[in-house]
Amino acid sequence: MSKLYILLSIAVLFCLERIYFKIANHYNIIDKPNHRSSHSNVTIRGGGVIFSLAALLFFLVFGFQYPYFIVGLLLISVISFIDDVVTLNNKIRLGVHLIAVGLLFFQWGLFGLAWYWIPVAAIFVIGTINAYNFMDGINGITGGYSFAAIASLFYINEEIVAFTSSELLIIVGLSLLVFNFFNFRKRAKCFAGDVGSVSIAFILVFFIGQLILATGNFSYILLLLVYGLDAVFTIGFRVLRKENIFEAHRSHFYQYLANQKKWSHLVISLLYVVLQLFANAVLLFVAKDSALIAISLTVFSAICFLLVRFYVEGKGVLLKNKADF
């Protein structure tokens with residue numbers, strides 16, 4: 001991809017984002033803070049629509065590649081955008097999500113493999129999408145973390161093993177840069193919304209799935225290690241506290257740092273990005289194809305994360321239900 005094309009892509013994506021802002025302002029597509037929010041200002045919701053628009057732009061310009069993935073992405077993005085505007089019935093949203101996941105599997109060629117890979121892949125895809133959606137709560141975290149993942153995937157594609165289109169990786173990365181310009185700041189101009197968090201999760205899952213299928217190396221799941229640790233342990237603590245894990249909450253570690261400790265959103269987001277980049281470096285340059293090192297990285301990271309949470313939040317916060325106090 002030439003430098004001129006990159007500059008033109010940035011300009012187009014920037015204009016598309018600005019056009020969306022005008023539409024969102026006109027139709028009052030905004031996010032108003034509530035008791036679960038980690039922000040205090042009324043902000044445009046759905047700025048993450050730019051991720052899907054970038055993928056669509058790639059599809060139209062580069063010969064209609066990955067059609068089933070693109071259709072699945074558009075379906076899951078549209079239903080998420082509608083859910084950003086008006087609350088949808090869970091059955092409708094779930095139905096569309098399942099169709100999108102099915103199209104993703106078809107793009108991967110998963111239906112040609114042994115049947116047991118379907119439920120394994122479904123857990124990975126649906127779990128990642130939901131974790132990404134739950135982790136989207138402070139300025140910069142979705143855009144910054146996702147850009148780190150895309151940058152790592154681009155390096156793998158260029159230097160280690162070619163598994164996907166570099167052009168698609170680049171244009172998604174550019175859309176993240178544009179989004180971060182408006183979101184990675186003290187007072188964000190826009191939030192990703194469900195359309196943003198769900199669509200970028202769907203895109204990253206597509207890339208990681210391609211990579212795993214091309215190499216047979218499941219360790220590449222660790223490209224999302226930090227998000228995974230926060231999501232999995234938060235669910236675990238909520239189960240121990242006998243809370244309904246399907247109800248909205250502010251129990252993630254990043255939320256505790258933002259709301260109780262009053263850390264800057266951007267500092268927290270950068271912390272998550274740096275930790276994930278460090279994990280990626282270990283995965284790519286130390287672990288390589290060693291499953292033992294990858295497992296050791298996971299266990300060591302999990303222990304460190306637990307110790308930090310207990311030290312910062314305390315046993316009472318993590319293990320006791322509010323009703324026990």
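Read the figures in this text as sums done on the coordinates, not as results from a lab. Since the structure is predicted, the reported quantities are computational estimates derived from the model, not experimental observations. A quick note on method: Cβ atoms are made from the backbone with ideal geometry, for glycine too, and the neighbour counts reach across all protein chains shown.
Of the residues 127, 95, 228, the one that moves most in a GNM of the chain with alpha-carbon contacts below 10 Å is 95.
Exposure proxy shown here: for 247, 17, 313, the number of other Cβ atoms within 10 Å sets the order, fewest to most, as 247, 313, 17. When the Gaussian network model of the chain links Cα atoms closer than 10 Å, the mean-square fluctuations of 89, 130, 25 top out at 89.
The charge dipole of the chain, taken about its Cα centre with unit charges on the Cβ of Lys, Arg, Asp and Glu (plus for the first two, minus for the last two), comes to roughly 1080 debye. Relative contact order of segment 107-186, taken over Cα pairs closer than 8 Å and 6 or more residues apart, is 32 percent.
Ignoring lysines fewer than eight residues from residue 3 along the same chain, none have Cα atoms less than 21 angstrom from its Cα.
So what is the diffusion coefficient of segment 95-213 in µm² per second by Stokes-Einstein at 10 °C and 1.306 mPa s, using a Kirkwood Rh over Cα pairs? Once the numbers are plugged in, D ends up at 105 µm²/s. Once the Cα-Cα distance is subtracted from the 0.36 nm per residue extended length, the residue 271 to residue 320 segment shows a gain of 14.9 nm. With Rh defined as the Kirkwood radius, the inverse of the mean 1/r over Cα pairs, the Rg/Rh of segment 63-130 is 1.01.
Between amide H atoms placed 1.01 Å from N, distances below 5 Å from residue 31 occur with 43, 44, 45, all of them 5 or more places distant or on a separate chain. Taking all C-alpha pairs of the chain, those more than 31 Å from each other amount to 30 percent. Stick to the Cα atoms of segment 257-321, pair each with every other, and give me the Kirkwood hydrodynamic radius in Å at one decimal. When all Cα pairs of segment 257-321 are included, the Kirkwood radius is 13.7 Å. Each residue of segment 138-147 was assigned a 3J(HN,Hα) from its phi angle through the Karplus curve 6.51 cos²θ - 1.76 cosθ + 1.60 (θ = phi - 60°); the sequence is 9, 4, x, 6, 5, x, x, 5, 5, 5 Hz, with glycine and proline shown as x. Taking every alpha-carbon pair under 8 Å whose residues sit at least 6 apart, segment 109-255 reaches a relative contact order of 28 percent. The mean sequence distance of close C-alpha pairs (under 8 Å, at least 6 residues apart), as a share of the length of the chain, puts its relative contact order at 23 percent. In the elastic network of the chain, a GNM with C-alpha springs shorter than 10 Å, the most mobile of 262, 189, 288 is 262.
Give a residue-ordered list of calculated ³J(HN,Hα) values for segment 92-101 (Karplus: 6.51 cos²θ - 1.76 cosθ + 1.60, θ = phi - 60°; whole Hz; x for Gly, Pro). After applying 6.51 cos²θ - 1.76 cosθ + 1.60, I find 5, 4, 5, x, 5, 4, 5, 5, 4, 5 Hz.
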